[in-house]
Amino acid sequence: MDLEFTDDDDELRANVRSVLASISPPGVVREIYEAKGDAAAVWEQMVELDWPGLGIAEEHGGVGMGFLEVAIVCDEHGRATTPGPYLATVTQYVPMVRELGGDHAAALLADVAAGRTTGTVALAEAGSWDPASVRTTAEERDGVWHLSGTKSAVLDGATADRIVVIARAPGTTGTDGLGAFLIPRGAAAASSRLVLDETLPVADLDLHGVVVPVDRVLARPGSPGVAAAIERANQEATVALAVNAVGACRNIFEQTVEYAKQREQYGKLIGSFQALKHRMADMYLAVERASALAWFAVLAIVEEDPRRAEATSLAKAAASDCERLIVRDGLQLHGGIGYTWEHDLHFLLKRAKACDALYGNGIHHRARLAEIVGLTGICTRETTTTRATTEDAS
Amino acid sequence: MKLSFGEDVERFRAEFVAWLEVNRPSVEEMAAEPAVSSAHVPGWARAWTNRMFRDGWLVPGWPPERGGRNAGAIETLVYLEELEKAGVPRTTNPQGLGIVVPSILDYGTPEQVEEWAMPVLRGEKAACLGMSEPNAGSDLANLSTRAVLDGDHFVVNGQKVWTSGANYADFCFLFCRTDVEAPKHKGISVLLVRMDTPGITVRPLSEIVHPAHPDLNEVFLSDVLVPKENLVGVMNNGWAMANGSLAHERGMVWLNSVLNLEDDMRELLGHAAGVLPQLGGLERGAFVDQIMQSYTDTMAARCLGYRGFAKLVRGGSAPEQALMKAFCSEAQQRLTMVASELDADGALDRTDDSAGRYAMTWPERYFTTFGGTISAGSSEIQRNIVAEKVLGLPR
């Protein structure tokens with residue numbers, strides 16, 4: 001296992017960092033926060049640089065790189081708390097369209113690669129991104145599909161040009177009967193939420209009465225491979241968020257260390273106090289721990305490793321541990337200045353928290369891990385056995 | 001970046017696995033005569049070391065005459081992984097093989113290599129490392145054991161403590177002060193001292209777990225005469241060797257920490273499978289969360305270790321390795337704590353001494369993890385090092 005970046009990777013990262021420093025510096029982020037600007041210019045410049053198509057195959061008009069390169073952008077994107085449709089379009093919509101495949105995929109991907117459209121995925125309901133929790137239904141009547149249900153926390157849900165809606169055949173449960181439908185912006189009533197992180201706007205979608213023509217069905221409910229495709233796309237989206245969170249956390253950590261080297265109290269630099277040194281050493285470890293697992297997950301996805309699902313949940317769980325410590329200690333060690341609106345630190349604190357909440361937090365992913373490594377399976381099985389034995393005995 | 005090794009490395013792995021199947025000590029012979037100290041070499045261990053030395057599997061990275069096969073760093077890593085998987089200890093004298101021998105090879109004379117290092121490589125002798133003293137623990141440079149050259153001999157007086165395996169070792173790689181005038185770091189030398197030399201008294205320090213099998217010792221040195229040809233390297237150059245020793249120790253020690261953690265995790269999962277079904281839902285959920293926290297630690301340890309390793313193989317530096325020791329030992333502490341709590345009934349038990357030093361219940365294992373967080377630079381010292389050397393925080 002080799003988790004070290006190559007010179008090419010480093011070069012891409014340096015390039016992305018310098019571009020983001022120029023197109024989404026803290027001043028631009030602040031304008032979004034203070035409702036004095038939008039992210040349109042940020043996205044336009046990304047389009048100019050071919051970033052939307054970075055991970056899209058050349059045959060679909062993309063650059064033909066892979067998820068590793070996309071993840072490098074995500075890392076820097078988190079570090080800069082970049083606003084705009086990049087995360088939803090590139091790490092949610094594109095993987096979902098690609099994995100679902102079918103007749104539409106090529107044209108939809110080409111539209112993204114060319115910068116013509118943005119997109120997102122409407123999957124979550126009531127705070128769960130687990131496809132098995134989907135209750136929104138899709139029914140075919142009179143040659144069209146009728147959607148019914150409510151989606152929550154759709155990233156860019158009010159602004160993305162195209163939305164992939166995950167819905168199921170009525171009466172099905174679990175991963176059975178899942179399907180995917182493409183709707184344009186405005187087809188469903190979107191209510192924008194008041195969000196903690198203004199750079200990651202989410203909206204709830206009311207799908208009642210939304211009608212989808214047959215030629216906009218990406219996957220008919222219950223057709224083979226749909227659940228697996230959604231799962232794979234979810235893994236990319238989840239790992240992208242883990243990487244994004246780690247990028248934000250690393251920045252908080254670095255700023256905290258810098259601050260501790262400048263701030264004096266009692267005639268001494270606060271960074272010389274052992275109590276703070278130890279906390280910063282722990283912050284360093286938390287970032288490295290999360291980063292190592294995030295890149296392990298990126299590789300597992302790139303290499304189609306059988307541990308994809310496990311690596312995904314490990315990455316998101318570790319990003320969560322990292323975020324918990326870094327947000328707490330980063331804010332605490334900055335003292336009063338970090339608590340003020342004028343200081344830029346809160347953009348990062350909020351990004352880290354938002355990434356944690358999206359696509360399952362640490363507790364959720366540890367529970368998933370337990371399923372993946374077979375702990376809950378063992379529990380269920382053995383509970384049944386224990387019960388049977390007890391009954392035999394009585 | 002990639003997840004797998006190349007074909008060459010996998011061929012190397014296959015060759016070693018095949019050799020191991022034929023030549024490994026059996027589970028029965030290991031259990032019949034368990035090692036009870038880190039310098040205790042039971043009969044089976046001596047024969048095992050000798051077979052590895054003979055066939056070039058003792059230190060794969062070294063040349064054949066030193067018990068190796070000039071293997072690369074990645075091959076060595078694979079080799080250590082396979083040994084751990086097979087449940088076979090590489091040596092029962094880790095300080096001897098891992099620190100003392102490499103230091104003698106680096107700094108010693110050809111005669112010293114023949115007389116002191118080679119017998120350890122053949123499993124014939126065991127060595128201990130005399131570093132810590134009552135007033136020189138984490139602050140090793142403060143050591144005060146005195147060696148005065150008088151004609152053909154050094155006369156050594158002083159006291160060592162926490163000396164692992166001194167109660168079984170044949171000789172000691174002893175750090176002494178040879179110049180009291182020089183600054184602390186510059187007056188230290190290393191002597192090779194036979195443990196049966198008159199004037200040496202070893203007092204084992206029973207530990208909080210398995211007091212019947214002490215591994216740590218106090219070593220008292222009173223007018224001990226050591227031939228002057230037993231000086232390793234140059235007079236007053238001991239500090240370089242102390243740093244070298246730790247470098248040897250840290251070179252691949254991370255891998256052992258990771259592999260141990262993985263072993264513990266596998267065991268914990270099996271343990272949990274037996275206990276969890278008997279618990280109520282809320283209690284079970286709480287345990288599952290903590291167990292998976294440890295699972296995440298375990299996978300992170302592997303990824304962190306390998307990432308740092310990749311950097312070192314390419315000749316770069318890997319500052320995060322500085323925290324590996326603290327991270328792995330603390331992760332092991334959390335893991336064994338959860339494992340102990342998982343079985344409240346078993347948490348009251350200790351192991352019978354007849355099972356040897358290394359058989360332990362979960363709560364006993366929890367206590368022994370403090371060996372990792374306290375020794376060889378405590379976790380607090382590691383944090384200071386990271387804060388100052390890696391993060392550049394002011395002293």
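Values computed for the structure shown
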{"read-out": "Out of A:Glu31, A:Glu59, sole residue that is of a type in the set (Asp, Glu), more than 30 Å from B:Met299 (Cα to Cα), touching an Asp or Glu at 6+ places or on another chain (Cβ under 9 Å) and part of a helix (DSSP H, G or I)", "value": "A:Glu31"}
{"read-out": "Residues located in the range A:252-289, provided they are more than 8 Å from every other protein chain (Cβ to nearest Cβ) and within 27 Å of the chain's Cα centre (by Cα)", "value": "A:Ile252, A:Phe253, A:Glu254, A:Gln255, A:Thr256, A:Met283, A:Ala286, A:Val287"}
{"read-out": "So A:Gly336, is it out of contact with any Cys (no Cβ under 6 Å at 6 or more places or on another chain), surrounded by fewer than 18 Cβ atoms within 10 Å (Cβ to Cβ) and assigned to a helix (DSSP H, G or I)", "value": "yes"}
{"read-out": "Strands (runs of 3 or more DSSP E) contained in the range A:201-256 and holding at least 1 residues over 26 Å from A:Arg368 (Cα atoms), of a type outside the set (Val, Ile, Thr) and out of contact with any helix residue (DSSP H, G or I) (no Cβ under 7 Å at 6 or more places or on another chain)", "value": "A:202-206, A:210-213"}
{"read-out": "Single condition A:Glu99 does not satisfy, out of (1) surrounded by fewer than 16 Cβ atoms within 10 Å (Cβ to Cβ); (2) charged (D, E, K, R); (3) within 30 Å of A:Leu178 (Cβ to Cβ)", "value": "(1)"}
{"read-out": "Lone qualifier among A:Val226, A:Val212, A:Val239 - being within 14 Å of chain B (Cβ to nearest Cβ) and either crowded, with 24+ Cβ neighbours inside 10 Å or among the aliphatic types (A, V, I, L, M) (or both)", "value": "A:Val239"}
{"read-out": "Criterion violated by B:Glu28 - all others in (1) assigned to a loop (DSSP other than H, G, I, E, B); (2) more than 14 Å from chain A (Cβ to nearest Cβ) satisfied", "value": "(1)"}
{"read-out": "Some residue of the range B:43-55 being under 30 Å from B:Asn217 (Cα atoms), touching a residue at least 24 places away in the same chain (Cβ under 8 Å), out of contact with any Asp or Glu (no Cβ under 6 Å at 6 or more places or on another chain) and not in a helix (DSSP H, G or I)", "value": "no"}
{"read-out": "All positions within the range A:290-334 that are basic (Lys, Arg) and either over 20 Å from A:Glu258 (Cβ atoms) or facing another protein chain (nearest Cβ under 9 Å) (or both)", "value": "A:Arg307, A:Arg308, A:Lys316, A:Arg324"}
{"read-out": "Residue match in the range A:352-375 (condition: within 14 Å of chain B (Cβ to nearest Cβ), surrounded by fewer than 23 Cβ atoms within 10 Å (Cβ to Cβ), modelled with pLDDT under 95 and not in a helix (DSSP H, G or I))", "value": "yes"}
{"read-out": "Subset of the range B:11-30 (residues that are out of contact with any helix residue (DSSP H, G or I) (no Cβ under 7 Å at 6 or more places or on another chain) and free of Cβ contacts under 8 Å to residues at least 40 places away in the same chain)", "value": "B:Arg11, B:Ala14, B:Glu15, B:Ala18, B:Trp19, B:Glu21, B:Val22, B:Ser26, B:Glu28"}
{"read-out": "In the range A:129-174, the residues that are assigned to a loop (DSSP other than H, G, I, E, B), out of contact with any helix residue (DSSP H, G or I) (no Cβ under 8 Å at 6 or more places or on another chain) and closer than 20 Å to A:Tyr86 by Cα", "value": "A:Gly157, A:Ala158, A:Thr159, A:Asp161"}
{"read-out": "Selection within the range B:59-82 - farther than 17 Å from B:Arg46 by Cβ and of a type in the set (A, V, I, L, M, F, W, C)", "value": "B:Trp62, B:Ala71, B:Ala73, B:Ile74, B:Leu77, B:Val78, B:Leu80"}
{"read-out": "Only listed residue being out of contact with any Phe, Trp or Tyr (no Cβ under 8 Å at 6 or more places or on another chain) and on the phi < 0 side of the Ramachandran plot, chosen from A:Val217, A:Val211, A:Val202", "value": "A:Val202"}
{"read-out": "Helices (runs of 4 or more DSSP H) enclosed by the range B:331-395 - at least 1 residues per element that are under 21 Å from B:Val253 (Cβ atoms) and within 14 Å of chain A (Cβ to nearest Cβ)", "value": "B:370-374, B:379-385"}
{"read-out": "Residue within the range A:175-195 that is part of a strand (DSSP E or B), without any contact (Cβ under 8 Å) to a residue 24 or more places away in the chain and over 22 Å from A:Ser133 (Cα atoms) present", "value": "yes"}
{"read-out": "Lone unmet requirement of (1) within 14 Å of chain A (Cβ to nearest Cβ); (2) surrounded by fewer than 19 Cβ atoms within 10 Å (Cβ to Cβ); (3) of a type outside the set (Gly, Ala, Ser); (4) within 17 Å of the chain's Cα centre (by Cα) for B:Phe327", "value": "(2)"}
{"read-out": "Any hit, the range A:50-58, residues being buried (at least 21 other Cβ atoms within 10 Å of the Cβ), under 30 Å from B:Gly6 (Cα atoms) and within 14 Å of chain B (Cβ to nearest Cβ)", "value": "no"}
{"read-out": "One residue from B:Trp44, B:Trp62, B:Trp48 being modelled with pLDDT of 95 or more and touching a Lys or Arg at 6+ places or on another chain (Cβ under 9 Å)", "value": "B:Trp48"}
{"read-out": "Exclusive hit being more than 14 Å from every other protein chain (Cβ to nearest Cβ) and either in contact with a helix residue (DSSP H, G or I) (Cβ under 6 Å, 6 or more places away or on another chain) or at pLDDT 95 or above (or both), set B:Ser294, B:Ser222", "value": "B:Ser222"}
{"read-out": "Subset tally (residues that are within 23 Å of B:Ala376 (Cβ to Cβ), surrounded by fewer than 20 Cβ atoms within 10 Å (Cβ to Cβ) and in contact (Cβ under 8 Å) with a residue 40 or more places away in the chain) for the range B:113-147", "value": "3"}
{"read-out": "Any hit, the range A:304-320, residues being small (Gly, Ala, Ser), under 16 Å from A:Thr91 (Cα atoms) and part of a helix (DSSP H, G or I)", "value": "yes"}
{"read-out": "Which listed residue, of B:Gly56, B:Gly6, is under 19 Å from B:Gly98 (Cβ atoms) and either buried (at least 18 other Cβ atoms within 10 Å of the Cβ) or more than 25 Å from the chain's Cα centre (by Cα) (or both)", "value": "B:Gly56"}
{"read-out": "Test: B:Ala300 is in contact with a strand residue (DSSP E or B) (Cβ under 6 Å, 6 or more places away or on another chain) and either at the interface with chain A (Cβ under 8 Å from one of its Cβ atoms) or crowded, with 18+ Cβ neighbours inside 10 Å (or both)", "value": "no"}
{"read-out": "Selected residue (criterion: surrounded by the fewest Cβ atoms within 10 Å (Cβ to Cβ)) from residues of the range B:81-112 that are of a type in the set (D, E, K, R) and touching a Leu at 6+ places or on another chain (Cβ under 9 Å)", "value": "B:Lys85"}
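So that you can scan it fast, the table gives a plain yes or no per residue for (1) among the β-branched types (Val, Ile, Thr); (2) closer than 28 Å to A:Gly362 by Cα:
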site	(1), (2)
A:Ala169	no, no
A:Val214	yes, no
A:Gly222	no, no
A:Val243	yes, yes
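The values are calculated or read from the model by the stated rules, or taken from the named source; none is laboratory data. Note that the structure is predicted; figures quoted are calculated from it, not measured. For neighbour counting, all protein chains shown are included, and Cβ atoms are generated from backbone atoms with ideal geometry for every residue, glycine included.
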